1. All but one of (1) open to solvent by less than 60 Å² (accessible area, probe 1.4 Å); (2) in contact (Cβ under 8 Å) with a residue 24 or more places away in the chain; (3) under 26 Å from A:ASN94 (Cα atoms); (4) within 10 Å of another protein chain (Cβ to nearest Cβ) hold for B:PHE104, so report the exception by its number.
2. Of the residues B:TYR47, B:TYR33, B:TYR64, which is touching a residue at least 12 places away in the same chain (Cβ under 8 Å), crowded, with 16+ Cβ neighbours inside 10 Å and farther than 25 Å from A:TRP34 by Cα?
3. What are the residues in region B:1-54 that are aromatic (Phe, Trp, Tyr) and within 13 Å of B:SER87 (Cβ to Cβ), if any?
4. Consider region B:67-79. How many of its residues are open to solvent by 40 Å² or more (accessible area, probe 1.4 Å) and among the small types (Gly, Ala, Ser)?
5. I'd like to check which strands (runs of 3 or more DSSP E) are fully inside chain A and have at least 3 residues that are surrounded by 15 or more Cβ atoms within 10 Å (Cβ to Cβ) and facing another protein chain (nearest Cβ under 10 Å).
6. Please name all residue pairs, on different chains or six or more residues apart, with Cβ atoms under 6 Å, provided the first residue is in region B:1-28 and is on the phi > 0 side of the Ramachandran plot and the second residue is surrounded by 13 or more Cβ atoms within 10 Å (Cβ to Cβ).
7. Could you pull out every one of the strands (runs of 3 or more DSSP E) wholly within chain B that has 1 or more residues that are of a type in the set (D, E, K, R)?
8. Of the residues in region B:15-30, how many are surrounded by fewer than 19 Cβ atoms within 10 Å (Cβ to Cβ), in contact with a Lys or Arg (Cβ under 8 Å, 6 or more places away or on another chain) and not small (Gly, Ala, Ser)?
Amino acid sequence: TQLLEQSPQFLSIQEGENLTVYCNSSSVFSSLQWYRQEPGEGPVLLVTVVTGGEVKKLKRLTFQFGDARKDSSLHITAAQTGDTGLYLCAGSINTGGFKTIFGAGTRLFVKA
Amino acid sequence: NAGVTQTPKFQVLKTGQSMTLQCAQDMNHNSMYWYRQDPGMGLRLIYYSASEGTTDKGEVPNGYNVSRLNKREFSLRLESAAPSQTSVYFCASSEPTGLNEKLFFGSGTQLSVL
């Protein structure tokens, strides 16, 4: 069974603080995606990382794919209240067609 | 551009009732999916359709049926709803590009089975 474990499950921080969310698995993925989900809405893709060791930046968000393509991290610098939401990692495996599995998510609350 | 549209947004059923969740996408994607989202368990795949005319079971298919009506539409049916099917349901579509797959999600259906 392929599992993606995210940590922490919940995070409550003050505006301006930095944070890191982790996504770990024993499986090797073709790619890994990070999604953000707001209440009452579906997840929206933030970024896809494909190459082991790859680092991508999206404004204050930095995403890294592990060298072995089994894990990833999301780092947010100087969090803002608008960053509040559920962050989901998802790993894709190419088995002829794509199979995507999701982590349980990290619920982030940024206080003003 | 509407993307992925799901109906209804909310639904309450009694145990044993049936219903169909509707989903349509206007992005000309081949692949469509139904997921359920439960607290602490992330998104779990119920059924998917890699192309028009094909459907396959996902991780948690029991108690559900699907129909890929055409390229745009993919419906999910609960024949006899059970309380364990209380969840938030998401439809998604995708078009693989190279080594990855970008999923586009609808806004979800919150279903309660009493």
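The values are calculated or read from the model by the stated rules, or taken from the named source; none is laboratory data. It should be emphasised that the depicted structure is a prediction, and the values quoted were computed from it without experimental measurement. Cβ placement follows ideal geometry from the backbone for every residue including glycine, while neighbour counts extend to all protein chains displayed. Side chains are part of the model used for accessible areas, which takes the heavy atoms of the whole protein and leaves out ligands, DNA and RNA. Shrake-Rupley method; radii C 1.70, N 1.55, O 1.52, S 1.80 Å.
1. Every condition holds for B:PHE104 apart from (1).
2. On the way: B:TYR47 fails: farther than 25 Å from A:TRP34 by Cα; B:TYR33 fails: farther than 25 Å from A:TRP34 by Cα.
Only one candidate passes the filter, namely B:TYR64.
3. Within region B:1-54, the subset aromatic (Phe, Trp, Tyr) is B:10, B:33-35, B:47-48.
Across region B:1-54, the qualifying residues are B:PHE10, B:TRP34, B:TYR35.
4. First, the residues of region B:67-79 that are open to solvent by 40 Å² or more (accessible area, probe 1.4 Å): B:67, B:69-73, B:77, B:79.
With among the small types (Gly, Ala, Ser) added as a condition, the list becomes B:67.
Residues that pass the stated criteria total 1.
5. Values: elements: A:5-7, A:10-14, A:19-24, A:31-37, A:44-49, A:55-58, A:61-65, A:71-76, A:85-94, A:98-102, A:106-111.
Here the list reads A:31-37, A:44-49, A:85-94, A:98-102.
6. Close Cβ pairs (under 6 Å, with a partner that is surrounded by 13 or more Cβ atoms within 10 Å (Cβ to Cβ)) amount to B:GLY3/B:PHE104.
7. Working: elements: B:4-7, B:10-13, B:19-25, B:31-38, B:42-49, B:64-68, B:74-78, B:87-94, B:103-105, B:109-113.
By residue number, B:31-38, B:42-49, B:64-68, B:74-78.
8. At the first step, the residues of region B:15-30 found to be surrounded by fewer than 19 Cβ atoms within 10 Å (Cβ to Cβ) are B:15-20, B:22, B:26-28, B:30.
From what's left, in contact with a Lys or Arg (Cβ under 8 Å, 6 or more places away or on another chain): B:18-20, B:26, B:28, B:30.
From the residues that got through so far, the ones that are not small (Gly, Ala, Ser) too are B:19-20, B:26, B:28, B:30.
Final tally of qualifying residues: 5.
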